[in-house]
1. For region 333-348, enumerate the residues that are part of a helix (DSSP H, G or I), within 15 Å of the ligand (Cβ to nearest atom) and touching a residue at least 60 places away in the same chain (Cβ under 8 Å).
2. Test each condition in (1) within 19 Å of Ile343 (Cβ to Cβ); (2) more than 16 Å from the ligand (Cβ to nearest atom); (3) surrounded by fewer than 23 Cβ atoms within 10 Å (Cβ to Cβ) for Val293 and report the one that comes out false.
3. Quick check on region 45-67. Is at least one of its residues touching a Ser or Thr at 6+ places or on another chain (Cβ under 9 Å), under 30 Å from Arg362 (Cβ atoms) and outside any helix (DSSP H, G or I)?
4. Being within 15 Å of the chain's Cα centre (by Cα) and of a type in the set (Asp, Glu) is true for just one of Asp238, Asp254. Which residue is that?
5. Could you list, in sequence order, all residues of region 84-115 that are in contact (Cβ under 8 Å) with a residue 40 or more places away in the chain and small (Gly, Ala, Ser)?
6. Just to verify a result, which residue in region 17-69, among those that are more than 16 Å from the ligand (Cβ to nearest atom) and on the phi > 0 side of the Ramachandran plot, is surrounded by the most Cβ atoms within 10 Å (Cβ to Cβ)?
7. Please pick out the residue among Ala237, Ala266, Ala257, Ala312 that is more than 16 Å from the ligand (Cβ to nearest atom) and either touching a Gly at 6+ places or on another chain (Cβ under 8 Å) or closer than 24 Å to Arg97 by Cβ (or both).
8. If I filter region 361-369 for residues that are at pLDDT 95 or above and in a loop (DSSP other than H, G, I, E, B), do I get at least one hit?
Amino acid sequence: MSYEIAILRGDGIGPEITDEAVKVLDEVRRIVPGLDLNLTDHEAGVGLYSRTGDALPDATFQSVGAADAILLGAMGLPEVRMPDGTEVQGRIIIRLRKGLDLYAGVRPIKLYPGIRPVVDRGEAVDLVIVRESTEGLFASFEGGTEITDQVVGDTMLISRSGTERVSRYAFELAGQRQGRPSDGRSLVTCVDKANIFRSLAFFRRVFTEVAEREFPQIGYGYALIDALSLAIVQRPADYDVLVMENMFGDILSDLAAALNGGLGMAPSGDIGDDHAMFQPSHGSAPDIAGKGVANPLATILSAKMMLEWLGARHDDEAARDGARRIDAAVAAVTAAGEVTRDIGGTSSTQSVGDAVVAALPRDAGNPDGR
Ligand code: ATP
């Protein structure tokens, strides 16, 4: 099948890491029979904001929304602020999430061979954080209330429909996976603070209704966000899919990257019923921009997630095949230690991209071969 892919390279390290993902997608398109990808660049971010006062014009929003999927590098720079003091990426990323109704923030935390993570428990790490991405504490984005110049409030909003659909997404995902690494059991964990907040007690209640009504064959459990922040680091193999409110997911997915090599290894997807956007979990990393040392693997793995999503949505084996080949190539590259300095190597951004291209299996029947 043929897909229109909107590319938003963005700011800081965004362009350099996106270049490598595009290089990999170009090669995948060349070697996978029946897969055609039409990649189109769109400008958004700090440069555009500085020139025009608009980081994501309506016309760009419409064009990227019309594509089959969006691949985004990284947006925003701390020195460029909107009049209210916030950075421009909120305007772009949150607008895309809300405008395209991308309600499931999917953040796989998987340990690739050869990588020694910051926290190494010597056990397999293969879990997915599903973050509700349209409401929760981010619901009041641009709508926080300055009651006086001494008191400001942001409101947590949890809806039944929002909780039902993200819970459903988490259970469906668990149904497609191999279960948690410790014993292969499929398990969806609801992460909340239901002992204190009414909003999160409601989130837990609606999650439980979805579990019992629609997914009796899949195990489920609960965890409080504070206790879980330690448990996930101590026993990562006990977790399979975890679903939670927006802000908790934002924080926990950065923490969980300590289990798989850091932010440079953390891909993500923002997924809705009709649209999806894929981007690394990290930001624009201005401290290393332009130095050729940024790890492009989170972006390359986000491109892999994009092909998986297209494959599932269109029942397209060619797209799934492309995703499997990228996964095998990344595993070969990390196993060989051809990686950037954030995960213990000496390779440049560009040479990691080249290594992934060279490691792409040429034959779908031999996904592990180089
Ligand atoms: P945001 O709020 O936009 O997500 P942030 O403030 O969390 O951004 P990041 O840009 O994600 O910050 O960077 C956090 C740290 O991680 C920085 O020291 C940065 O250099 C490092 N980092 C982020 N991405 C990468 C990468 N791809 N390769 C290597 N280091 C990275």
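1. So the first thing to find is which residues in region 333-348 are part of a helix (DSSP H, G or I), and the list is 333-335, 341-343.
Within this subset, residues satisfying the condition of being within 15 Å of the ligand (Cβ to nearest atom) are 333-334, 341-343.
Those that are part of a helix (DSSP H, G or I), within 15 Å of the ligand (Cβ to nearest atom) and touching a residue at least 60 places away in the same chain (Cβ under 8 Å): Thr334, Asp342, Ile343.
2. Result: Val293 passes all but (2).
3. Yes, region 45-67 contains at least one residue that is touching a Ser or Thr at 6+ places or on another chain (Cβ under 9 Å), under 30 Å from Arg362 (Cβ atoms) and outside any helix (DSSP H, G or I).
4. Values: Asp238 fails: within 15 Å of the chain's Cα centre (by Cα).
The match here is Asp254.
5. Residues satisfying the conditions are Gly90, Ala104, Gly105, Gly114.
6. For region 17-69, the residue satisfying everything is Gly34.
7. Numbers: Ala237 fails: either touching a Gly at 6+ places or on another chain (Cβ under 8 Å) or closer than 24 Å to Arg97 by Cβ (or both); Ala266 fails: more than 16 Å from the ligand (Cβ to nearest atom); Ala257 fails: more than 16 Å from the ligand (Cβ to nearest atom).
After ruling out the rest, the residue left standing is Ala312.
8. Within region 361-369, the subset at pLDDT 95 or above is 361.
Those left that are additionally in a loop (DSSP other than H, G, I, E, B): 361.
Looking for residues that are at pLDDT 95 or above and in a loop (DSSP other than H, G, I, E, B), one finds at least one in region 361-369, hence yes.
The values are calculated or read from the model by the stated rules, or taken from the named source; none is laboratory data. All values derive from a computational prediction rather than experimental measurement. Backbone-built Cβ (ideal geometry, glycine too); neighbour counts: all protein chains shown.
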